[in-house]
Each structure stands twice: as C-alpha cells, then as structure tokens.
1. Looking only at region 6-23, count every residue that is assigned to a loop (DSSP other than H, G, I, E, B), over 20 Å from Phe294 (Cα atoms) and open to solvent by 90 Å² or more (accessible area, probe 1.4 Å) and tell me the total.
2. How many residues does region 221-256 hold that are of a type in the set (A, V, I, L, M, F, W, C), farther than 23 Å from Val183 by Cα and touching a helix residue (DSSP H, G or I) at 6+ places or on another chain (Cβ under 6 Å)?
3. Name the residues in region 217-256 that are aromatic (Phe, Trp, Tyr), crowded, with 24+ Cβ neighbours inside 10 Å and not in a loop (DSSP other than H, G, I, E, B), would you?
4. Among Leu311, Leu283, Leu317, which is the only one that is at pLDDT 95 or above and touching a Lys or Arg at 6+ places or on another chain (Cβ under 6 Å)?
5. Give all pairs with beta carbons closer than 6 Å in which a residue from region 229-255 that is over 18 Å from Leu74 (Cβ atoms) meets a residue that is open to solvent by 20 Å² or more (accessible area, probe 1.4 Å) and β-branched (Val, Ile, Thr); count only pairs at least 6 apart in sequence or on separate chains.
6. For region 184-205, how many residues meet the condition of being within 15 Å of the ligand (Cβ to nearest atom) and more than 22 Å from Lys267 (Cβ to Cβ)?
7. For residues that are in contact (Cβ under 8 Å) with a residue 40 or more places away in the chain and surrounded by fewer than 19 Cβ atoms within 10 Å (Cβ to Cβ), tally how many sit in region 289-300.
8. Which of (1) open to solvent by 60 Å² or more (accessible area, probe 1.4 Å); (2) touching a Cys at 6+ places or on another chain (Cβ under 8 Å) is the odd one out, the single condition Ile332 does not satisfy?
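The values are calculated or read from the model by the stated rules, or taken from the named source; none is laboratory data. For clarity, every value in this text was computed on a predicted model and none was experimentally measured. Neighbour counts run over all protein chains shown; Cβ positions are idealised from the backbone, glycine included. With ligands, DNA and RNA removed, areas are computed over all heavy atoms of the protein, side chains included. Shrake-Rupley method; radii C 1.70, N 1.55, O 1.52, S 1.80 Å.
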Amino acid sequence: MSKIDLRPALSKMQPYTPGEQPPPGKYIKLNTNENPYPPPPSVVSALQAAASGPLNRYPDPTATAFRRAAANALGLPGPEWILAGNGSDEILTILVRAFVGEGQLLRLPYPSYILYRTLADIQGARWEQMPFLDGWHLPTAFGQGSDDLRLVLLPNPNSPSGTIVSRDEIEKLANTLPCPLVVDEAYADFAEFNCIDLVQKHENILVTRTLSKSYGLAGVRFGFLVAQPQLIKKLCNIKDSYNCDYLATIAATEAMNAQDWLADVVKKMNATRARMQLRLSELGFNVTPSQANFVWCQHPSGKHNEMYQYLKKQQILVRYMDFPDWGDGLRISVGTDDQVDACLMMLERFFQ
Ligand SMILES: *Cc1c(COP(=O)(O)O)cnc(C)c1O
C-alpha cells in the first residue's frame with residue numbers, strides 16, 4: 001500500500017499500445033493508417049487564418065458550426081444528431097463511461113480494435129470478445145443479450161482485417177441486442193457502404209467517425225458520434241465542457257465542406273489498395289480483401305515478425321500484429337504509390 005496507489009481495477013489493466021510514431025522523415029510510415037496525403041488545402045488556409053482568431057476565448061462547447069457542416073455532408077436532418085469529440089477515441093471513452101458501469105459487460109468481436117478492452121478495463125468493467133466466423137461473419141451469440149451486457153462495439157470496416165459486416169447483419173444485431181450497438185466507422189469512407197442512415201431507423205445504432213484517416217487530420221484530433229438527438233443531448237452532459245478546441249473545430253468544419261477532395265483522395269487510395277493487394281498475393285501472401293485504407297496479409301511461411309524487422313531496417317514501418325489463439329500477420333497501411341512500391345519491393349527482396 002502506498003499513498004499514490006491507483007484504483008485496484010487499474011493495476012491489472014493491459015495498457016493500449018498505439019503504433020510507433022517516430023520523428024517525421026526517418027521512415028515510410030505504413031503502420032497507423034494515417035492518410036499519406038496532406039489534408040484539403042482549404043483546411044490548411046482556414047487554420048492559418050484561425051491563428052489570428054479569438055484564441056483567448058473558450059471555444060463553442062458543442063462545435064455547432066462543425067455539426068452543421070457534418071449533418072449537411074452526411075445527409076442528416078440536423079446538428080442535433082451529432083456529438084463532436086477530441087478524436088473518435090474520446091467519443092468511445094464517453095460512450096463506455098455513459099453505458100458501462102463497474103462490473104458490467106462490454107462486447108467486441110475478435111480480432112478487432114484493442115482499445116475497446118482498455119476502455120472497459122479503465123472503467124472497471126468486464127469485456128468479452130467473440131471470434132469472427134469464417135468469411136468474417138459474426139456468430140449468432142454476438143447479437144444475444146445477457147443481464148449485464150451494456151454495450152457492443154463493432155469496427156466496420158474492421159481492423160486489422162479491413163472486412164465489413166453487411167447492413168442487414170447490423171440491423172439484425174441491433175434488433176436482438178438489449179443495449180446500444182456502436183458501429184465504429186473510422187474507415188467507412190474507404191468502403192462500399194456505411195450505416196449512417198440506420199441511426200434514424202434504430203435508436204440503439206450509434207455510429208462513430210473520425211477525421212484522422214480519410215481526411216488526413218490525425219494530428220488535429222477530431223471525431224464525432226451520430227446518434228438520435230435525445231441521446232446526443234444526454235451525452236453532452238458527460239463530456240468535458242470544451243472538449244474540442246477552437247483550431248481543431250475550424251479544421252474539422254472546413255474538412256466536412258471538402259467532400260469533392262475526399263472523393264478524389266479515396267478514389268486514389270482505393271486504386272493503390274487494389275494494386276497492393278494484387279502484388280501481395282503474387283508474393284504468396286493470403287490477402288484479406290479490404291474495404292479500408294490498409295491491407296491485412298498473412299504469409300504461409302509465418303515469418304511475419306521477421307518481415308516487420310527487415311522492413312524496419314529499410315526504414316519502412318508496417319504493423320506486426322499477433323492475436324493469441326487466432327494468428328499473426330502484417331497490417332500495411334495504404335500509402336502513396338511510391339511508398340507502397342518501396343514496401344512491396346523490399347518484401348520481394350525479403351523472399352530472395
Ligand atoms: C484509428 C481508429 C480510431 C481512432 O480515431 P481517432 O479519431 O484518431 O481517435 C477509432 N476506431 C478505429 C477502429 C480506428 O482504427
């Protein structure tokens with residue numbers, strides 16, 4: 001016992017380890033699914049102008065301008081359907097705090113986003129992970145309730161697999177679950193479909209989005225939740241008063257107004273992704289077809305960690321991931337064509 005012991009629940013927790021963030025310039029970074037391209041030019045000029053804005057004042061507590069722009073871009077009835085956050089990770093924190101009490105249960109698929117477990121641990125809650133079935137479907141049990149099940153989290157497209165669960169499957173889950181189903185759409189802009197409109201049909205479907213991946217704004221920290229207005233209102237009471245800073249809100253608002261830019265960058269990155277998948281298959285990898293801005297691949301040789309180390313020596317960072325009882329592999333972010341070519345060439349050399 002000491003005077004600075006944390007809560008007992010926190011002594012057992014596994015901290016979440018984010019991807020490596022080395023100083024800029026040294027590596028080709030294909031490890032954290034950032035956008036390899038800079039954000040829309042309109043965002044950069046808005047930020048420059050904002051530097052002489054009212055920085056001595058607190059920002060709008062609910063980022064109204066952003067929520068209007070986002071509702072407009074996403075075809076939602078209005079800003080009251082949106083809660084803005086300091087990255088979608090903050091939104092996930094707010095949701096876990098709001099719904100999952102100490103000792104209660106949070107469910108996630110496996111393998112998926114490890115942070116969900118960490119959030120449950122911090123809350124002193126329990127988590128249960130259910131493995132995906134063949135073909136990346138969810139088991140029937142995933143949609144079944146238990147007395148203390150309070151929240152279900154589903155990345156869609158999923159990470160690390162890049163696979164997507166159909167809208168049909170999502171609606172069925174929402175209908176059978178006794179609690180909210182959070183569809184984490186961090187990568188939805190790269191996918192063929194999304195679930196934003198289902199929020200209007202199902203009060204327990206909540207969709208989270210981020211500006212970190214498709215909009216090229218990981219450094220700014222901005223994400224948001226789409227849910228029914230009566231819930232958004234309640235969640236506003238839980239968040240920090242000024243959770244989104246003035247500069248980030250300006251950048252995010254401008255980004256939502258840059259839908260043409262977004263369409264172009266997604267088209268370009270999805271073309272690179274297709275090329276990457278093809279070449280990785282030619283190199284003998286089992287490639288999971290991706291709907292996101294990264295590709296999950298496994299090689300029959302099993303030498304994933306060796307490949308990761310080899311690439312790192314060549315100044316190329318990818319993500320080596322090992323999921324106990326499931327398997328390991330490489331998750332490679334879609335970079336620029338040149339970055340991806342460099343990575344593919346080094347992998348080819350690895351096998352020579
Ligand atoms: C990257 C990522 C996020 C985090 O987004 P931020 O807005 O940067 O906090 C959330 N969920 C998944 C599945 C992600 O991969």
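1. Final tally of qualifying residues: 6.
2. Step one: list which residues in region 221-256 are of a type in the set (A, V, I, L, M, F, W, C), which gives 222, 224-227, 231-232, 235-236, 238, 244, 247-248, 250-252, 255-256.
Among the residues that remain, those that are also farther than 23 Å from Val183 by Cα are: 247-248, 250-251.
Subsequent filtering for residues that are touching a helix residue (DSSP H, G or I) at 6+ places or on another chain (Cβ under 6 Å) retains 247, 250-251.
Of the residues in region 221-256, 3 are of a type in the set (A, V, I, L, M, F, W, C), farther than 23 Å from Val183 by Cα and touching a helix residue (DSSP H, G or I) at 6+ places or on another chain (Cβ under 6 Å).
3. So the first thing to find is which residues in region 217-256 are aromatic (Phe, Trp, Tyr), and the list is 222, 224, 242, 246.
Cutting the leftovers down to crowded, with 24+ Cβ neighbours inside 10 Å gives us 222, 224.
Selection gives Phe224 alone.
4. On the way: Leu311 fails: touching a Lys or Arg at 6+ places or on another chain (Cβ under 6 Å); Leu283 fails: touching a Lys or Arg at 6+ places or on another chain (Cβ under 6 Å).
Going through Leu311, Leu283, Leu317 in turn, the sole match is Leu317.
5. Ala248/Val220
6. Step one: list which residues in region 184-205 are within 15 Å of the ligand (Cβ to nearest atom), which gives 184-191, 194-195.
Restricting the remaining residues to those that are more than 22 Å from Lys267 (Cβ to Cβ) gives 184.
Residues in region 184-205 being within 15 Å of the ligand (Cβ to nearest atom) and more than 22 Å from Lys267 (Cβ to Cβ): 1 in total.
7. Kept after step one, since they are in contact (Cβ under 8 Å) with a residue 40 or more places away in the chain, are these residues of region 289-300: 289-296.
Filter once more, so that each one left must be surrounded by fewer than 19 Cβ atoms within 10 Å (Cβ to Cβ): 289.
Number of matching residues: 1.
8. The number of the failed condition is (1).
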